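Below is one structure, written out as structure tokens, with a few remarks after it.
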Amino acid sequence: MSVDLSTYYLGLKLKNPLGVAACPPLTGNLDMLRRLEEAGASVAVLPSLFEEQIEHDELEFNRLFEYQSESFAEALTHFPVLQEYNTGPRDYLKHIEAAKQAVSIPIIGSLNGSSTGGWIRYARMIEEAGADALELNIYFVPTDSDMTSADVERRYIDLVAKVRQSVALPLAVKIGPNFTSLPNFAQHLVAAGADGLVLFNRYVEADIDLDTLQMKPDLILSNRHEARVPIRWIAILRDQLKSSLAATSGVHRMQGALKLLLAGADVTMMASVLLMKGPTMLTTILEEMHAWLEEHEYESVEQMKGSMSRGNCPDPSALERANYMKALTNYTMEHPAPPSP
Ligand SMILES: Cc1cc2nc3c(=O)[nH]c(=O)nc-3n(C[C@H](O)[C@H](O)[C@H](O)COP(=O)(O)O)c2cc1C
């Protein structure tokens with residue numbers, strides 16, 4: 001029996017539920033993008049274009065423009081420097097066009113920022129460059145004790161609403177897991193115009209260098225146990241949200257991807273495991289997923305998606321506080337290693 005692995009995400013039909021998350025060494029490189037498609041990826045999120053990159057570029061642009069117009073009067077009619085001036089953001093738009101030519105899977109552009117500044121106009125440019133959808137990664141770290149959780153959430157919601165106004169593209173919003181009431185906040189993001197949520201961004205945590213006594217940000221790749229966080233929240237959110245849901249963080253094996261789909265994800269997005277083991281991991285996971293579905297008599301991914309969401313699972317208390325108490329009090333020294341996603 002052949003199992004239909006296709007799935008819908010942001011209104012796009014994907015050939016299977018394995019996508020590549022935003023990651024420069026993976027989706028920022030055209031050869032790698034082709035290899036990922038060949039290995040089975042159904043969608044790719046391009047690396048983010050950052051608010052800071054755009055703002056920096058703007059400053060440079062203005063500086064050059066002023067220098068040019070002060071130095072050479074006729075430059076205002078020719079703008080030779082400006083024509084040749086190849087900026088980060090402009091390269092980004094070119095990369096979208098090139099990626100669309102290089103592969104036939106949907107290409108999602110990514111903007112990464114936290115304030116509602118002029119940089120948002122790049123959303124429209126990403127649309128015009130031919131992206132199939134836009135992922136907005138909002139990464140804001142509140143450090144001021146005067147800022148309330150409502151202030152933080154308002155910032156996210158305003159940003160989503162502003163980006164929504166400027167594009168007709170399907171819009172996914174990527175957030176971290178640290179919100180006081182994620183179900184309520186998620187509803188507001190969807191009401192502000194998000195067609196999908198990407199759960200969850202991984203924060204790059206700072207570390208302290210004991211030799212130099214410097215605080216240094218350090219990117220550590222994920223491990224497969226981290227999929228537990230999106231599994232829980234996707235299961236809780238699935239029945240309460242009409243939007244698409246993408247899972248990212250800790251998807252390393254077939255088991256983790258399947259659990260996320262059972263919880264209610266429409267697609268799972270990978271980065272770390274592909275960096276560690278290469279694009280062929282996608283082929284392995286797809287084959288194993290197909291075999292599992294066949295063995296468990298599923299006809300399609302659509303059929304099993306969300307069948308273990310909070311509303312559908314036999315014991316929803318496992319997702320809540322009761323499970324926490326049971327897990328702590330039942331733990332023994334002989335406890336077996338936890339089964340991993
Ligand atoms: C090297 C690297 C670069 C990344 N760059 C971006 C990025 O530009 N934009 C973004 O939204 N996420 C970025 N991410 C986060 C990934 O898209 C992904 O959501 C995260 O790593 C969790 O997935 P994983 O557990 O499979 O790694 C990056 C991750 C890695 C490891």
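General observations
- The strands (runs of 3 or more DSSP E) found wholly in region 148-230 and carrying at least 2 residues that are out of contact with any Pro (no Cβ under 7 Å at 6 or more places or on another chain) and more than 16 Å from the ligand (Cβ to nearest atom) occupy 206-209, 214-217.
- Where a residue in region 187-206 is touching a residue at least 60 places away in the same chain (Cβ under 8 Å) and closer than 17 Å to ASP239 by Cβ and its partner, wherever it lies, is more than 13 Å from the ligand (Cβ to nearest atom) and polar (S, T, N, Q), with Cβ under 7 Å and at least six apart: GLY196/SER243; GLY196/SER244
- Residues (among the small types (Gly, Ala, Ser) and within 21 Å of GLN165 (Cβ to Cβ)) located in region 130-153: GLY130, ALA131, ALA133
- When region 150-202 is filtered for residues that are of a type in the set (Ser, Thr, Tyr) and surrounded by 13 or more Cβ atoms within 10 Å (Cβ to Cβ), the ones remaining, listed by number, are TYR156, SER166.
- Tallying residues that are surrounded by 12 or more Cβ atoms within 10 Å (Cβ to Cβ), part of a helix (DSSP H, G or I) and not β-branched (Val, Ile, Thr) within region 277-316 yields 16.
- The residues listed here are LEU282, LEU319, LEU260; of these, the one that is modelled with pLDDT under 95 and touching a helix residue (DSSP H, G or I) at 6+ places or on another chain (Cβ under 8 Å) is LEU319.
- In region 267-276, the count of residues that are within 14 Å of the ligand (Cβ to nearest atom) and more than 17 Å from the chain's Cα centre (by Cα) is one or more.
- Filter result for LEU221 (farther than 26 Å from ALA192 by Cβ and either modelled with pLDDT under 95 or of a type outside the set (Gly, Ala, Ser) (or both)): yes
- For beta carbons closer than 9 Å, sequence separation of 6+ or different chains, a first residue in region 282-304 that is closer than 17 Å to VAL251 by Cα and a second that is in a helix (DSSP H, G or I) and β-branched (Val, Ile, Thr), the qualifying pairs are ILE285/VAL273; MET289/VAL301.
- Taking the listed residues LEU262, LEU258, the one that is in contact (Cβ under 8 Å) with a residue 24 or more places away in the chain, in a helix (DSSP H, G or I), closer than 20 Å to GLY311 by Cα and away from the ligand (no atom under 16 Å from the Cβ) is LEU262, with no other qualifying.
- Checked against (1) in contact with a Pro (Cβ under 8 Å, 6 or more places away or on another chain); (2) farther than 22 Å from LEU237 by Cβ, THR283 passes all but condition (1).
The values are calculated or read from the model by the stated rules, or taken from the named source; none is laboratory data. Predicted model, so just to flag it, every value in this text is computed and none were measured. Note that we place each Cβ from the backbone using ideal geometry, even for glycine, and neighbour counts take in every protein chain shown.
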